1. Can you pull out every residue in segment 238-254 that is assigned to a helix (DSSP H, G or I) and over 21 Å from A332 (Cβ atoms)?
2. With the requirement that a residue be in a strand (DSSP E or B) and aromatic (F, W, Y), what does segment 268-308 give you?
3. Collect the residues in segment 251-287 that are in contact (Cβ under 8 Å) with a residue 40 or more places away in the chain and of a type in the set (S, T, Y), keeping them in residue-number order.
4. When A310 is evaluated against the numbered criteria (1) of a type in the set (G, A, S); (2) on the phi < 0 side of the Ramachandran plot; (3) surrounded by fewer than 22 Cβ atoms within 10 Å (Cβ to Cβ), which criterion, by number, is the only one it fails?
5. Quick one: would you say V344 is in contact (Cβ under 8 Å) with a residue 40 or more places away in the chain, of a type in the set (A, V, I, L, M, F, W, C) and assigned to a helix (DSSP H, G or I)?
6. With (1) closer than 19 Å to F160 by Cα; (2) modelled with pLDDT under 95 as the list, and A297 as the residue in question, which single condition is left unmet?
7. Are any of the residues in segment 323-342 surrounded by fewer than 23 Cβ atoms within 10 Å (Cβ to Cβ), modelled with pLDDT of 95 or more and either within 27 Å of Y132 (Cα to Cα) or among the basic types (K, R) (or both)?
8. Give me a count of the residues in segment 218-256 that are within 24 Å of the chain's Cα centre (by Cα) and over 14 Å from L307 (Cα atoms).
Amino acid sequence: MPASERVGGEITGFFCNPVSGGLPPTFAKPASRCAWINSPKRRSARKRVICLRSRSFSFTSNESFDRPCYKRAFGQDRRSARRSRATPKSRARSVARMVFWVLGILESRSLTDTSSTSTGVSRLQPVLFPKYRKIVELRGALASNDPALVVDQSGRDTVFYMPFEYVNDRARIVIVGITPGPNQMALAYDEVKTLSSRGMNEDQILLQVKKLAAFGDASMRPNLVKMLNAMRINELLGIGDAGELWSTSYDALHATSVIPHSGFRNGKMFAGSFDQVLRSEAFSSGFHRDFLPSLRALPHKAYFLALGPAPLDALQWCVSQGHIKEEQLLGALAHPSRSSGSQVDIYLGLKDPQYLKAKDPVRHRVEWLQRASQSLRQKLRKLIQ
């Protein structure tokens, strides 16, 4: 009988070596965690299973394995097992390694839902702020692109930690970008350093950092407010000016990104398509681990607004997969950053495309910008009437 079936058939996954006490180099995500411990009082291996249920530890009964099964599972014969019998000190080290391994799994495992703290603040999962807080507090904006803050990495793609884990579960409008840029990163890191020095708790820091730094670049936010007012989003929400979304009416806004932590490709901020996000292991991991779970914490009547074609494609994918409803998706705005050139004016109809320079990259986006603007205006006209 296979080793994994000898305790009720419940335990699945990879096991530690009973002789060396070591852990496997790689492992899938097992349904339950278990550890093998060699018994000094008997010649054959004894298995103790630690089942993690609701983060509590419970030991099941010990069971000895006959030597044929022991050989099949680990390729050890009786003589080598006797030679490598563990001492009390080595057993203690093995147990300590196992405990730290288990605690690491509990800390870093990816969950599928958002969590709600004692203060009622919903946050992305996993919450990485405690892991990176000391580095950000110490260095502030100087910690930007620090290798110690890497969350995911694959090939030429790197994702750096951003303290944007606050999720506004009362939001009425959700604005979705592609990924936070270096300017937002510097703003967020400096704000974490400042607020920490004032003695604020974790929930307060995450909320205030998101409020200050989300789409908070000196050119990005004015352009974004300009478009929101021009498209009458402020009227849809019943506020006087869209700028209030970052001040007195912040409880109506949830700002997020397809890659919620800061994504870079070849050292530059990622600005590719949604298909490229899905094809990248690092970017796709952030999208599925951080962005999608946050949608479940948002109100079912919240409206979604994309900043550019990649976030729009991502939201349309979410509609097709049933993560949000079709009527929740309003459409897209032009990306508001200064590096996007004159596309905000083209989107709003304030500039004639024929006056664009021959080498202006906005020339290739004119058709999409005009179509997106017209579609959003029509949808908002129906909603506001």
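1. Our first condition is that a residue be assigned to a helix (DSSP H, G or I); within segment 238-254, this holds for 242-246, 250-252.
Across segment 238-254, the qualifying residues are E244, Y250, D251.
2. Let us first name the residues in segment 268-308 that are in a strand (DSSP E or B), namely 268-269, 303-307.
Y303, F304, listed by residue number.
3. The answer is T256, S257, S262, S273, S280, S285.
4. For A310, the exception is condition (3).
5. Values: in contact (Cβ under 8 Å) with a residue 40 or more places away in the chain: yes; of a type in the set (A, V, I, L, M, F, W, C): yes; assigned to a helix (DSSP H, G or I): yes.
Considered against the rule, which asks whether it is in contact (Cβ under 8 Å) with a residue 40 or more places away in the chain, of a type in the set (A, V, I, L, M, F, W, C) and assigned to a helix (DSSP H, G or I), V344 comes out as yes.
6. (1)
7. Yes, the conditions are met somewhere in segment 323-342.
8. Count: 6.
The values are calculated or read from the model by the stated rules, or taken from the named source; none is laboratory data. Keep in mind the model is a prediction, meaning the values are calculated, not measured. All Cβ positions, even for glycine, are placed from backbone atoms using ideal geometry, and neighbour counts span all protein chains on display.
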